[in-house]
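The values are calculated or read from the model by the stated rules, or taken from the named source; none is laboratory data. Nothing here was measured: the structure is a model prediction, and the numbers come from that model. Please note: Cβ atoms are built from the backbone with ideal geometry, for glycine as well, and neighbour counts cover all protein chains shown. Heavy atoms of the whole protein, side chains included, go into the accessibility calculation; ligands, DNA and RNA do not. Shrake-Rupley method; radii C 1.70, N 1.55, O 1.52, S 1.80 Å.
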Amino acid sequence: MKRYLFCAAIIIVMFGCNAKKMDYASSETNAVEIVDSAGSSSTDTTAKIIKTADMRFRVKDVQKTKEQLSATIKAQGGTVAEFSIQSSIQESDKVKYSTDSLKEITSYRKEGVLIAKIPSEKLDDFTNTVAKMAVFVDHQAMKMDDQSIAYLANKLKVQNRVDAMNTINKTATRKGNNVETSLYIKDDYVDKKIENMNIDNRVKFSTITLNFYQDNTVNTLIVGNDNLYDYRPGFFQRLGLNIIDGWVYFKEFLLGLSRLWAIIVVGFAVFFGVRYMIRKRKS
């Protein structure tokens, strides 16, 4: 009887240890499967071609063209990633319009930049539509980047990491470096999955950059006269004021000389004294 009880105790202990190992391995496998569900199927062999395009063209009105482009992009199932419109002054001048106002004449150039994401299968149709909006197309180009090899390499590396995780799970213990190694492999596994998800997104939606501009526009505006010379009094008024100022300056000059009378007297005395001595020597 004692022998049977001893054997039963050994079986219970061994079953408990195996259960702990199976629970730990199961948790590691579930973590990998959750991350793997975010990626694409391993049987996907579609070519991964990333398309990018750019265009530069002239239009009649930049603002209206921007609105048309936004509506067309939305209708095609795309999105506007970035846009900007700016005006640069080419030439500016001011001419007299009245005593207190000027006519400001400005020649400026308006340009727009729009970056959009378009479904790749509709990229050609979209560029044809944009070309019809243009008065003149300066430049149009498209680039195709095949990422199939990089995509396949990531998938194979992912499979290698799954195999490594399975190997670690079979010998998993809560001691040693197994936990750190498992975490590193899973992080690298996620990175490869994210890279492929990014490639899938870029394959599905092509990026196109649109640069458009319009002819120089001339704008006129009445502004206040900032030339101070035009606000001075008339000629005769200024002439009378200058004569009065001249008399004031002359009086100030005389008053200044009156302060120097002693120096002037000594100067005259020295001058005539020297002159007298020279004449005396000559005689």
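Step through the table entries K103/K132; K117/K157; K66/K192; K74/K132; K51/K157, compare each Cα-Cα distance with 28 Å, and write down the pairs that go over it.
Beyond 28 Å between Cα atoms: K103/K132; K117/K157; K66/K192.
What is the P(r) of the range 165-271, as percent of Cα-Cα pairs per 5 Å bin from 0?
The distribution over the range 165-271 is 2, 7, 6, 5, 5, 5, 4, 4, 4, 4, 3, 3, 3, 3, 3, 4, 4, 4, 5, 5, 5, 5, 3, 1, 1, 0, given as percents.
If you keep only loop residues by DSSP, which trypsin sites (Lys or Arg not before Pro) in the range 218-273 have at most 16 other Cβ atoms within 10 Å of their Cβ?
Here the trypsin sites (Lys or Arg not before Pro) that fit, given the DSSP loop and packing criteria, are R259.
What list of ³J(HN,Hα) couplings, whole Hz, do you get for the range 253-261 from phi and the Karplus terms 6.51, -1.76, 1.60, once you set θ to phi - 60° and write x for glycine and proline?
Result, rounded to whole Hz: 5, 5, 5, x, 5, 5, 6, 10, 4.
Please list, short to long, the whole-number percent of alpha-carbon pairs of the range 43-156 in consecutive 5 angstrom bins beginning at zero.
2, 9, 15, 16, 13, 10, 9, 8, 6, 4, 3, 2, 1, 1, 1, 0, 0
What's the carbon and sulfur percent of the range 177-253's accessible surface, probe 1.4 angstrom, rounded to a whole number?
Using a 1.4 Å probe with all protein chains present, the range 177-253 comes out at 59 percent carbon and sulfur.
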